[in-house]
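Trainee: To start, I am sharing the structure in question, which I have written as structure tokens.
Here, each number is a calculation from the coordinates, and none is a lab measurement. None of the values given here were measured: they were computed from a predicted structure. Cβ placement follows ideal geometry from the backbone for every residue including glycine, while neighbour counts extend to all protein chains displayed.
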Amino acid sequence: MNKKPTISVVMPVYKENAQVLKRAIDSIMNQTFQDYEFIIILDNPYNIEAINLIEDFKNNDERIILILNDKNLGVAPTLNIGVKAAKGEYIARQDADDESLPYRFEKQINYLNTNPNIDVIGTSLDYVDENEKLIFKRNYNSNPEKYIRKYNPVGHPTLLIKRELFEKFGFYSEDEKFKYVEDYELWIRWYLKGVKFYNLDDTLYKYYQNKSNIKNRNTKLQLRNTIKLKREYRNSLVLCFGDNLRLIGEMLLNLLPSGLITYLFYKFYNK
């Protein structure tokens, strides 16, 4: 590509099979907004099936860039590799087992063009099962900063982010204590620097769930590290009484088995 693209899509891949991975790639290729480069970082050099599929796409579209990690590095280091390789004005996130709906980039870009004060924009998303049956809709508040002390107020894989923010305020933390909450840690760090967040009401992303999904397997560790994160930034965020009460509730919740925590999460959002 000679011209710098407007968007750099960054997608880490690990153990996703070809069918699932193809669905994710197709969802980017079918966007109504087409001015992007698509950076795919394979964090598993032994996933030959994924390499062959990505190479097939790459041979037909010069916008696709494949980066192979020599060994498994994990999510945060892999994301940082992708972001540092990006040339676009914006970074768009995409997970390798999910699906962006066709108008996602177009609607996000249109909003940012008319609201240049916004730095990071997300969308609502649908939790769906392996058969694409809706589990529940996850609607994020349009004013994420109001809730950042309580919980992660944006859907990470739905985001479109000004690339310059990473260079100004830092990349994803690779500290083990923030594993699986590296995105939340980054938003808090950026929020404290004055970065402006916004969520569109539109549901523009399908977030797939299945029994072996990493999103379910690490629920307990994610909650434990969320608690560590809030403690780390407690003074900077100036947690109020209600925020501290919620933190105590999360500490009690973390005493429960992982499966029960996941069940309660689904029950809460699927009212």
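Trainee: Sorting Phe169, Phe178 on the 10 Å Cβ count, fewest up front, what's the list?
Mentor: Ranked by crowding around the Cβ, least crowded first: Phe169, Phe178.
Trainee: How far is helix 104-114 tilted off the main Cα axis of the chain, in degrees rounded to 10, range 0 to 90?
Mentor: Taking Cα atoms only, the helix is inclined about 70 degrees.
Trainee: For a quick check: sort Thr114, Thr78 by the number of other beta carbons within 10 angstrom, fewest at the front.
Mentor: Thr114, Thr78
Trainee: So, one more: Which aspartates and glutamates have a Cα lying under 13 Å from the Cα of Lys107, excluding residues fewer than 8 positions away in the same chain?
Mentor: Within reach: Asp201, Asp202.
Trainee: Then there is this: Would you pull out the residues with amide H under 5 Å of Phe33's amide H, same chain only if 5 or more places away, H placed 1.01 Å from N?
Mentor: Amide H neighbours of Phe33: Phe105, Glu106.
Trainee: Okay, next question. If you rank Tyr266, Tyr36 by fewest surrounding Cβ atoms within 10 Å, what's the result?
Mentor: Fewest-to-most ranking of Tyr266, Tyr36: Tyr266, Tyr36.
Trainee: Along the charge dipole of region 1-123, pointing to its positive end and built from +1/-1 on Cβ of Lys, Arg, Asp and Glu, which listed residue (Ile7, Tyr103, Val75) has its Cα farthest out?
Mentor: Ile7
Trainee: A 24 angstrom limit on the alpha carbon distance is what I want to check against. Which of Lys15/Lys58; Lys58/Lys133; Lys84/Lys168; Lys133/Lys179; Lys150/Lys228 exceed it? It would help to have the intermediate numbers written out before the result.
Mentor: Details: Lys15/Lys58 19 Å; Lys58/Lys133 31 Å; Lys84/Lys168 13 Å; Lys133/Lys179 29 Å; Lys150/Lys228 13 Å.
Going by Cα-Cα distance, Lys58/Lys133; Lys133/Lys179 fall outside the 24 Å limit.
Trainee: Once R0 is set to 41 Å, what does the formula 1/(1 + (r/R0)^6) return for the Cβ-Cβ distance between Asn235 and Thr6, expressed as a FRET efficiency to the nearest 0.05? Walk me through the numbers before you get to the answer.
Mentor: Values: r = 39 Å, r/R0 = 0.94.
Efficiency, from the Cβ-Cβ distance: 0.60.
Trainee: With θ set to phi - 60°, apply the Karplus curve 6.51 cos²θ - 1.76 cosθ + 1.60 along region 182-194 and write out the HN-Hα couplings as whole Hz, x wherever there is a Gly or Pro.
Mentor: For region 182-194, the Karplus-derived couplings read 4, 6, 4, 4, 5, 5, 4, 4, 5, 4, 5, 8, x Hz, x marking Gly and Pro.
Trainee: Hey, another quick one. Which one, Phe136, Val238, Asn60, projects farthest toward the positive side of the charge dipole computed for the chain from Cβ point charges (K/R +1, D/E -1)?
Mentor: Positive-most Cα among the choices belongs to Val238.
Trainee: Here is a follow-up. Given (1) 182; (2) 130; (3) 118 as candidate values of volume of the Cα convex hull per residue in Å³, which corresponds to the one derived from the coordinates?
Mentor: Only one option fits the structure, namely (2).
Trainee: HN-Hα J couplings of region 69-83 from phi, Karplus 6.51/-1.76/1.60, θ = phi - 60°, integer Hz, Gly and Pro as x?
Mentor: Result, rounded to whole Hz: 6, 5, 8, 5, 9, x, 5, 4, x, 5, 4, 4, 4, x, 5.
Trainee: Classify region 103-193 as rounded, prolate or oblate, taking a ≥ b ≥ c as the square roots of the eigenvalues of its Cα gyration tensor: rounded when a/c is under 1.5, otherwise prolate if a/b is larger than b/c and oblate if not.
Mentor: Verdict is oblate for region 103-193.
Trainee: Pop the C-beta distance of Ile48 and Lys193 into the FRET formula with R0 = 45 Å and round what comes out to the nearest 0.05.
Mentor: Working: r = 42 Å, r/R0 = 0.93.
Rounded to the nearest 0.05, the efficiency is 0.60.
Trainee: In the chain, once you exclude exposed GluC sites (Glu not before Pro) (DSSP loop, at most 13 other Cβ within 10 angstrom), what's the longest stretch remaining?
Mentor: Excluding the exposed sites themselves, the longest stretch runs over 133-271.
Trainee: Something else now. Using amide H atoms built 1.01 Å from N in the peptide plane, name the residues 5+ places from Arg163, or on other chains, whose amide H lies under 5 Å from its own.
Mentor: Excluding prolines and chain starts, which carry no amide H, the hits are Tyr90, Ile91.
Trainee: Along each of the three principal axes of the Cα atoms of region 1-148, give the extent in whole Å, ordering the values from largest to smallest.
Mentor: 43, 41, 28
Trainee: Let a ≥ b ≥ c be the square roots of the eigenvalues of the Cα gyration tensor of region 159-271; is it rounded (a/c under 1.5), or, if not, prolate (a/b larger than b/c) or oblate?
Mentor: Judged from the Cα gyration tensor, region 159-271 comes out oblate (a/c at least 1.5, b/c at or above a/b).
Trainee: Give me a comma-separated list of calculated 3J(HN,Hα) values for region 136-151, in order, Karplus coefficients 6.51, -1.76, 1.60 applied at θ = phi - 60°, integers in Hz, x for any Gly or Pro.
Mentor: 6, 9, 10, 9, 9, 4, 5, 10, x, 5, 5, 10, 5, 6, 9, 7
Trainee: Can you classify region 86-152 as rounded, prolate or oblate using the Cα gyration tensor, where a ≥ b ≥ c are the square roots of its eigenvalues, rounded means a/c under 1.5, and otherwise it's prolate if a/b beats b/c and oblate if not?
Mentor: oblate
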